[in-house]
Amino acid sequence: MEKMENVYVMDHPLIKHKISMIRNKHTGTNEFRKLIEEIAVLMGYEALRDLPIEDVEIETPIETCMSPMISGKKLAIVPVLRAGLGMVNGVTTLVPSAKIGHIGLYRDPETHEPHEYYCKLPDPIDQRLIVVVDPMLATGGSAVAAVDYIKKHGGKNIKCMFVIAAPEGVKRLHEAHPDVQIYIGQLDRELNDHAYICPGLGDAGDRIFGTK
Ligand code: PRP
Ligand code: URA
């Protein structure tokens, strides 16, 4: 895939290692859930590198000094249901004060197009940095619909984090929303005829929640 502005593929060995573990079909629900959360911590750490900071006055036991702290934008984490829920605790580990929205979408098994069933965002959302989380970016239909919804409700500053992505999905999301920063744990080869990512990890929701 050609290099695109606002698309960042992770290169940290710990992220790569943990993604290989969740790809393994013998990795059970309990371990899968823990790993997805750990990957979300590591990816969140990378994706939040550009958080603005400002110097504030701090009294140490020795003296008063100016020292940097996160400033400005408050965070909203928005998981795409169901599978995105598995990444929420990873990001709140880094930013415990974040508010959490939810976007409920499922893919039609025939058309692979997303259908919305529940959406609720922190209100107001316009001044927040919004981090959309979903383990999988396949056709990109769900991600585009999620960002459409967030923008319709006033969201402006949006990052999306996916553990595994197909080139087709990255292209679709980037073309629909070039201003959105896209963070990807691993870029996979392609989609199969059922719009599953190859090699991928199967159905992320089923693997997190043990529903199959
Ligand atoms: C999965 C995944 C994404 C979507 C990606 O959810 O978590 O939201 O598919 O596919 P797309 O890029 O082609 O839209 P799914 O619709 O299977 O719902 P679930 O999480 O409830 O299982
Ligand atoms: N959703 C998943 O959970 N897995 C895929 O490979 C594609 C979409």
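Computed from the coordinates by the stated procedures, all read-outs in this text should not be read as laboratory data. Keep in mind it's a predicted model, so treat the numbers as computed, not measured. Note that we place each Cβ from the backbone using ideal geometry, even for glycine, and neighbour counts take in every protein chain shown.
Taking the Cα centre of the range 107-212 as origin, work out the dipole magnitude from +1 charges on Lys and Arg Cβ and -1 charges on Asp and Glu Cβ, in debye rounded to 20.
Dipole magnitude for the range 107-212 comes out near 400 debye.
Based on DSSP loop calls and a cut-off of at most 16 other Cβ atoms within 10 Å, the longest stretch of the chain free of exposed GluC sites (Glu not before Pro) is what?
111-212
Multiply the residue gap between Ile53 and Lys34 by 0.36 nm, knock off their C-alpha separation, and tell me the result in nm, one decimal place.
3.8 nm
With a 10 Å radius around each residue's Cβ, average the other Cβ atoms per peptide and rank 99-107, 77-85, highest first. Display every interim value, and only then the final one.
Numbers: 99-107: 18.7, 77-85: 24.0.
Packing proxy ranking, top to bottom: 77-85, 99-107.
Could you work out the Kirkwood radius for the range 93-178, taking every pair of different alpha carbons, averaging 1/r and inverting it, reported in Å?
13.5
Note down the nm distance, to one decimal, between modelled labels 7 Å out along Cα→Cβ at Asp123 and at His153.
It is 0.9 nm.
For a test of the definition: using alpha carbon positions, the gyration tensor, and the 1.5 limit on a/c, classify the chain as rounded, prolate or oblate. List each step's numbers first, then the result.
On the way: a/c = 1.83, a/b = 1.49, b/c = 1.23.
Here the chain falls in the prolate category.
Of Asn24, Ala166, Ile103, whose Cα points farthest to the positive end of the dipole of the range 7-209 (charges on the beta-carbon: +1 Lys, Arg; -1 Asp, Glu; origin at the Cα centre)?
Asn24
Which whole-number percent is the relative contact order of the chain (Cα, under 8 Å, 6+ apart)?
Reported as a whole number, the value is 23 percent.
Please get the size of the charge dipole for the chain, origin at its Cα centre, with Cβ charges of +1 on Lys and Arg and -1 on Asp and Glu, quoted in debye to the nearest 20. List each step's numbers first, then the result.
Values: 24 positive and 29 negative charges, 102 e Å.
For this selection, approximately 480 debye.
Residue separation times 0.36 nm, minus the C-alpha to C-alpha distance between Tyr8 and Ser97: what's the value?
29.5 nm
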